[in-house]
1. Per DSSP helix of 4 or more residues, -39500 (n - 2.57); summed, then divided by the residues of the chain. What does that give at 222 nm, rounded to the nearest 500?
2. Heavy-atom accessible area of Asp118 with all protein chains present, probe 1.4 Å, nearest 10 Å²?
3. Between Thr149 and Ser52, what FRET efficiency follows from the Cβ-Cβ distance if R0 is 25 Å, with the result rounded to 0.05?
4. Mind scanning Lys20/Lys188; Lys164/Lys187; Lys20/Lys57; Lys29/Lys57; Lys29/Lys62 and naming the pairs with a C-alpha gap bigger than 20 Å?
5. With the Cα gyration tensor of the chain in hand, give its eigenvalues times 5 under a square root as the equivalent ellipsoid semi-axes, listed largest first in whole angstrom.
Amino acid sequence: MDNNGIPPIDESAMQEALCKAIEEALHQKMESSGDFHHLSEMLFSRTREMISPTTLKRVWGKIHPDYGHSPRTLNTMAQFLGYTDFHSFCQQTDANGQPPSNEVLSEHINVASDLHTDEELILYWAPCRVCHVRYQGNLSFVVTSSENTRLQPGDTFCCSLIIKGEPLFLSQLVQNGRPPVSYVCGKKGGIRYECMSNKT
């Protein structure tokens, strides 16, 4: 214990708890390279700090580091969850590694669990962009119609998480048979969406 009678923080256990808290917030296990690329993009979108996918893989233990994780990395991950920094996360996490319940994300769609094949969405973002898409399964979408955007009918892309009010990161965007690229919708102001199945 320290001079105040407070047990020292088990930093390794807290790092594991931090990873678990992010997975719970995203309703998604971090497993594939695409998962870590997507998280890297979301961390930057929310905190304006760039943490590489490789660094995130080290934090999750997917590749073995030969050095400790930097305070900047852990602070950024904690800030993504709404904490001031990693120390704040540790102070608010109980002895079992469980952080207090809080709503980390705005209204959102976890594609793998929330959408069914052939379900349709309308995406909106400034200025006056509208895009209708249909879910094809396996995190893949096809554009069915669009207005005022570079996305065109027949384009396909992948994404795993759609968060209202935040930019939407598309991977594996294929247009006119060209090689796949990444694309961001709603860089300023984020996106809004409607599920067509909810419109009766």
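1. Numbers: 6 runs with 58 residues, N = 200.
Helix contribution divided over all residues of the chain: -8500 deg cm²/dmol.
2. 100 Å²
3. Values: r = 29 Å, r/R0 = 1.16.
The formula returns an efficiency of 0.30 here.
4. Details: Lys20/Lys188 30 Å; Lys164/Lys187 12 Å; Lys20/Lys57 14 Å; Lys29/Lys57 12 Å; Lys29/Lys62 12 Å.
Long pairs (Cα-Cα over 20 Å): Lys20/Lys188.
5. Working: eigenvalues 255, 61, 42 Å².
Those come to 36, 17, 14 Å.
The values are calculated or read from the model by the stated rules, or taken from the named source; none is laboratory data. Bear in mind that the values here come from a model prediction, so they are computed numbers and not experimental data. Neighbour counts run over all protein chains shown; Cβ positions are idealised from the backbone, glycine included. To get the accessible areas, we keep the full protein, side chains included, count just its heavy atoms, and leave off ligands, DNA and RNA. Shrake-Rupley method; radii C 1.70, N 1.55, O 1.52, S 1.80 Å.
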